[in-house]
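The values are calculated or read from the model by the stated rules, or taken from the named source; none is laboratory data. Computed from a predicted structure; not experimentally measured. Cβ coordinates were reconstructed from backbone atoms using ideal geometry, including for glycine residues, and neighbour counts include every protein chain displayed.
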Amino acid sequence: MTEPEIYDTLTAIFRDVFLRDDLVLTPQFSAKDVDDWDSFKQIEIIVAVQEHYRVKFRTQEMDRLTNVGDLVMLIASKS
Amino acid sequence: MIELYWLPKVEQWRERLRRLGDAGDAAWDEAAALAASRLDVVQTNALDATLRRARVEPPASLPDKPVRLALLGSSTMAHLHPAIRVAGLRRRMRVDIYENDYGQYWQELSDPEAELHRFKPNAVLLALDAYHLAAGIGAASSAAEVETALHDTCERIRACWRLARAAFRCTVIHQLALPLHPPLLGSNEHRLPGSRSAFISRINAELRRMADAEEVAVLALDERMARDGLAAWHDPELWHRAKQEVTPSAAPIYGDLVMRLVAASLGRSYKALVLDLDNTLWGGVVGDDGVEGLVLGQGSPLGEAFAHFQDYARELSRRGVILAVVSKNDERNALEPFERHPEMVLKRGDIASFVANWNNKPANLRAVAEELNIGLDALVFVDDNPFERNLVRRELPMVAVPEISEDPAGFAQTLADAGYFEAVSITDEDRARSGQYQSNRQRDRLKASATDLDSYLRGLEMRLLWRPFDRAGLTRTVQLINKTNQFNLTTRRYTEADVLGVMEDDRAFGLQLRLIDRFGDNGIIAIVIGRLGDDRDLLIDTWLMSCRVLGRQVEPTTLNLVAAAAQKLGARRLVGQYVPTARNGMVRDHYPKLGFGAIDGDPGTTARYALDLAGFVPRDSFVDVRQEGADD
């Protein structure tokens, strides 16, 4: 799948997780850009992504995530 | 991931969710409808967050007081709150949740000044994870140390239950631990005293026993894990990262399991199973296909699947669930299979309310609720037709209507997974409603206790029910004729047309035999075809039997029936034949054992035997013989 497709999917997931239809994801988008992006939300996003793409992230991979761009790269590397 | 697969998929999810905040008085009902859909964890959390933001409150008419649930755990449970609240919403129950500060369950229970006591829960769930429970032991522990740890741990938990009960006088639920520890030995893990894995198994077993005495309900996560696999319930990565014993993916099912127990303790489980008929209890449409054309029971995998589902329904009824029927049919047609289809597991007497007419199903479900004098919200309705399911959901949202696949093989498991009839105990009243369940296990136990074969056979209270060939049994007859290889004297294969030919021939008879004993119905187990030949010889064209009923005196009893049928045709003697095949050696001496004399041939090729009917004395047996369908 292409990067734009991954961004589309992630945008839908983020909008559901944060209940904000105005969210627009960029590679630099990170926890400081949304008020209630806490560790629970972080896990919820990861779980949703793993279920959607039927992949499993390693502990090291999750530790290295700093922004949406990292997540997109990680998804692309798994599929 | 474990889905709530019995709930319908949600339609227009985002639009409906976004509109919830503006729905006013209708918001709670709309939210309950969304909660009754197949939501994943993100959708579950989104629904919960939307309701809390919009401050959607239940209507004042809600029958139950809000549930005030205290979660007392040793690990993180905050990620599970939304799913528990949504599972409450699914049952039209409002749920408020309190969770103890991390790890402080014991302190908060013991301290009357703690926030927990100000919360005043009316239900308490104690959830202690495997790492917490097994913290004090290890592979180096001695057997004595492990016994002490087991005793102390269980007593500490018992003390928690009693503290909660004394302080709040409410329902107490104990969540059994998921078995998280990797084993050290393997299959024989229980032989290592200090094994943490074995320790958790033992604690779960001990807590079950203790919970019975303390009237605590258990939430059997260990059994769920055995069904779904550990990976569906627990993610080690998330355990290390966030101390989540239950992975967020499993939150929707977890929430539902919790609220089933809470609802059951409040008497809010469903009470009645309402069943459609055509293509739900049997294959085919009785009004079109007739009783003979139905697919049901032995003879086809599909027929067996329907019979299996009927058996599950009957089992539910025997533990107290009320059964009802709602069917679009002429009543006479709808009743006919119950009265005369030989493979029906459910009988008319099992059905407390039987509604068959051409009214719409919501109207008929109201009639059932009225007749049974229970609420519509106590009904579960099973129908293979998606149109009817959706109509009922729309008109009667309080009725539970599971999505069922088109394959009846899965119906029973779907009902079980949906947990509608969750019960924390069985009352005497439940038992009084149910009949005596009879099982193979009991049959075997009797066999073990019997001192000799005769008393065993006598104790079986066997009844051999015979009928001439008929259309209702045609499929099974043809199937038995064509698949029986071992107990089969001649191994002649017949088509349906051949069997119909026997039915029409007034110089022949075909018998189908059903064996029933005190433990149940074995189904049609034997077939005999006889033809009157020259010299008033009755030729036994076919004699076959299912090997499942060997050694139960069915053979001599069948001989008595054959002799009687032959005499009725005016026969002078019986002539039997043994045609050897690669697989029917077991009946090589069938006729000599029954007292027939050899006429000609030999068992290596084909042998014929005869029995004179003039001096025939019926053989003794413990099997009671009747014509099926004739008055008892």
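When the criteria are applied in full, residue B:43 meets the requirement of being under 30 Å from residue B:237 (Cα atoms) and either surrounded by fewer than 18 Cβ atoms within 10 Å (Cβ to Cβ) or not assigned by TED's automatic domain parsing to the domain that holds residue B:115 (or both). The requirement of being within 14 Å of chain B (Cβ to nearest Cβ), within 24 Å of residue B:231 (Cα to Cα) and of a type in the set (Ser, Thr, Tyr) is fulfilled nowhere in region A:9-27; no residue meets it.
When residue B:55 is tested against (1) within 13 Å of chain A (Cβ to nearest Cβ); (2) loosely packed, with under 14 Cβ neighbours inside 10 Å, just one condition goes unmet, and that condition is (1). Listed by first and then second residue, the pairs linking a residue in region B:223-240 that is under 17 Å from residue B:200 (Cβ atoms) and away from every other protein chain (no Cβ under 14 Å) to a residue that is surrounded by 13 or more Cβ atoms within 10 Å (Cβ to Cβ) and hydroxyl-bearing (Ser, Thr, Tyr), with Cβ atoms under 9 Å apart and 6 or more places separating them unless they lie on different chains, are B:224/B:254.
A quick yes/no check of all residues on (1) of a type in the set (S, T, N, Q); (2) at pLDDT below 90; (3) in a helix (DSSP H, G or I):
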{"residue": "B:577", "(1), (2), (3)": "yes, no, no"}
{"residue": "B:581", "(1), (2), (3)": "yes, yes, no"}
{"residue": "B:609", "(1), (2), (3)": "no, no, no"}
{"residue": "B:622", "(1), (2), (3)": "no, yes, no"}
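Scanning region B:348-378 for residues that are basic (Lys, Arg) and under 19 Å from residue B:388 (Cβ atoms) yields a count of 2.
In the set (1) within 14 Å of chain B (Cβ to nearest Cβ); (2) in a helix (DSSP H, G or I), residue A:77 fails one condition alone, (1).
Please state which one of B:250, B:263, B:313 is assigned to a helix (DSSP H, G or I), within 14 Å of another protein chain (Cβ to nearest Cβ) and of a type in the set (A, V, I, L, M, F, W, C). Of the residues listed, the single one that is assigned to a helix (DSSP H, G or I), within 14 Å of another protein chain (Cβ to nearest Cβ) and of a type in the set (A, V, I, L, M, F, W, C) is B:250.
Here residue B:303 does not qualify as surrounded by 16 or more Cβ atoms within 10 Å (Cβ to Cβ) and assigned to a loop (DSSP other than H, G, I, E, B).
Just give me the residues in region B:127-186 being charged (D, E, K, R) and in a helix (DSSP H, G or I), in sequence order. Result: B:145, B:147, B:152, B:155, B:156, B:158, B:162, B:165. Can you name every residue in region B:319-351 that is surrounded by fewer than 17 Cβ atoms within 10 Å (Cβ to Cβ) and in contact (Cβ under 8 Å) with a residue 12 or more places away in the chain? Once the filter is applied, which keeps residues that are surrounded by fewer than 17 Cβ atoms within 10 Å (Cβ to Cβ) and in contact (Cβ under 8 Å) with a residue 12 or more places away in the chain, region B:319-351 yields B:319, B:330, B:331, B:340, B:348. All of B:521, B:537, B:589, B:541 fail the test of being within 21 Å of residue B:629 (Cβ to Cβ), in the same structural domain as residue B:489 (by TED's automatic domain parsing) and among the acidic types (Asp, Glu), apart from B:521.
Go through region B:76-102 and give me each residue that's over 33 Å from the mean Cα position of the chain (by Cα) and within 14 Å of chain A (Cβ to nearest Cβ).
Of the residues in region B:76-102, the ones over 33 Å from the mean Cα position of the chain (by Cα) are B:76, B:78, B:96-102.
Hits for region B:76-102 are B:76, B:78, B:99, B:102.
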